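The values are calculated or read from the model by the stated rules, or taken from the named source; none is laboratory data. Owing to the predicted nature of the structure, the values given are computational and were not obtained by experimental measurement. Cβ: placed from backbone, ideal geometry, glycine included. Neighbour counts: every protein chain shown. The protein model used for the area step is the full one, side chains on, heavy atoms only, and it has no ligands, DNA or RNA in it. Shrake-Rupley method; radii C 1.70, N 1.55, O 1.52, S 1.80 Å.
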Amino acid sequence: MIHLQRGEKRKLADLTGSSQPGTLEVTLRHDLTGADVSVFGLNAERKLQDDRYFVFYNQLSTPTGEVMLTQQPWGGTFRIELSRLPASVRRLMFVVTHDRTPFSGLGKLEWTLGDPAPKGSLELRGDQFTTERAVMVAEVYEHNGEWRVTNVGQGFSGGLDALLVNFGGEESEPAPTPVPVQAPPVSAPPGPSDRFQPPATPRPAFVPPAGRSGVSPADDGTYSLSQFLAKTAEADRPGDAFELENDKMLEVKVRGRVWSKLGAMVAYKGNLSFKREGMLEGGIMKALVRAVSSEMEPLAKIEGQGVCYLADQAKEITILKLTGDAINVAGHSLLAFEDTVEHRVAMHRHIAGLVSGGLFSVHLRGQGLLALLSHGRPLTLRVTGGETVYTDPNATIGWSEHLTPQLRVDSSLKTIFGRGGGETFQMAFQGEGFVVVQPYEENMH
């Protein structure tokens, strides 16, 4: 049996031994009490074109039985006839959701594919997630006439309704007397009556409201925070507001206000104005930070209607999509963010003045896009309670919101960290979270 790593893609034929799509059995097993399993039947653009191909606790089968779910207390088993799926369903996204409990409380989740004998599997753990109440586990999809499988392993803020909207459906409304499409097995009673009830007939594709990105991260190239950490997304078209012209040039569609690194604008068109962030803007704490941080590069407000192009010293750009979560970004590594994202500047006084010019970070939280800068492809390191992670301050570009870096001085490591001259300063991260580094020592003078 082949074990798929997070982000790994395989041809379905490599797992089943058959080049022809046939009958598959997919089993989702978890230990998170109250979690639900489901599968979205999506078109090639990852849109839910017909709600009847959304199989979950209150709709256990597609219209003619192409996909059927047998529920169990520990998850469920899907029986799939790939050859019978309509042309409008080219992707099957398997998900696990919970109404209240985040998936950080998960012990282990196993996804197994067979025909019906087990041929492929993957495993996810609770320490790979934080506040997410939905997980896109794996996807079986058609590409150039060939069926494939990928370990998605992506957390998603919000529960089942939020995923439904993400895939182009409509959010549920409480119904006083819902009628299930098909009664579930005795071992798994129907969900609460205020859960989503699919209609009997298909709806037209969901059109997201203006100013909101309704495309799937895997489709458009943006990353949710957990997806970025897993490095599974393929950067292509990162949404309506931010778009990568190439890996070093960001196109920003401004419809109101966007924040950027001062001096990052290289071209623009339309009716735009560029203003340096004021000394007192954002409150007295930001003003105090600016007063003691000579190395802090102020932000610029880009306002109006138009398009601008941002870049910084030919650094690579990565776009994140925050969906209610947060991240700390080193100031020199923040290129731009939408006005819907809240920001707060923090000065690390125990490190400032000891490293090249000091160090400040920006705490970003909310809903919207932000763009990170890095010299080369960044690497994410997991921080756990039992082990401290040490990084070069000049190579550190971000870390999770609950971690607070401390300074460590160790002259014995001067030939390992940094450029090897004099005492060596490292940032020490302890607790639970992650830290992101780049393969380059940024000169922050």
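General remarks:
- Selection count where residues are hydroxyl-bearing (Ser, Thr, Tyr), within 22 Å of LYS108 (Cα to Cα) and open to solvent by 70 Å² or more (accessible area, probe 1.4 Å), scope the stretch 1-34: 1
- Any chance PRO180 is at pLDDT below 85 and out of contact with any Leu (no Cβ under 6 Å at 6 or more places or on another chain): yes
- Only residues that are under 19 Å from the mean Cα position of the chain (by Cα) and open to solvent by 10 Å² or more (accessible area, probe 1.4 Å) were counted in the stretch 103-126, giving 5.
- Any chance ALA87 is over 20 Å from ARG133 (Cβ atoms), open to solvent by 20 Å² or more (accessible area, probe 1.4 Å) and free of Cβ contacts under 8 Å to residues at least 24 places away in the same chain: yes
- Taken over the stretch 428-443, the residue count meeting the criterion of being more than 14 Å from SER400 (Cα to Cα) and either open to solvent by 20 Å² or more (accessible area, probe 1.4 Å) or at pLDDT 80 or above (or both) is 5.
- Looking only at residues in the stretch 369-419 that are at pLDDT below 85 and of a type in the set (Gly, Ala, Ser), the one that is surrounded by the most Cβ atoms within 10 Å (Cβ to Cβ) is GLY418.
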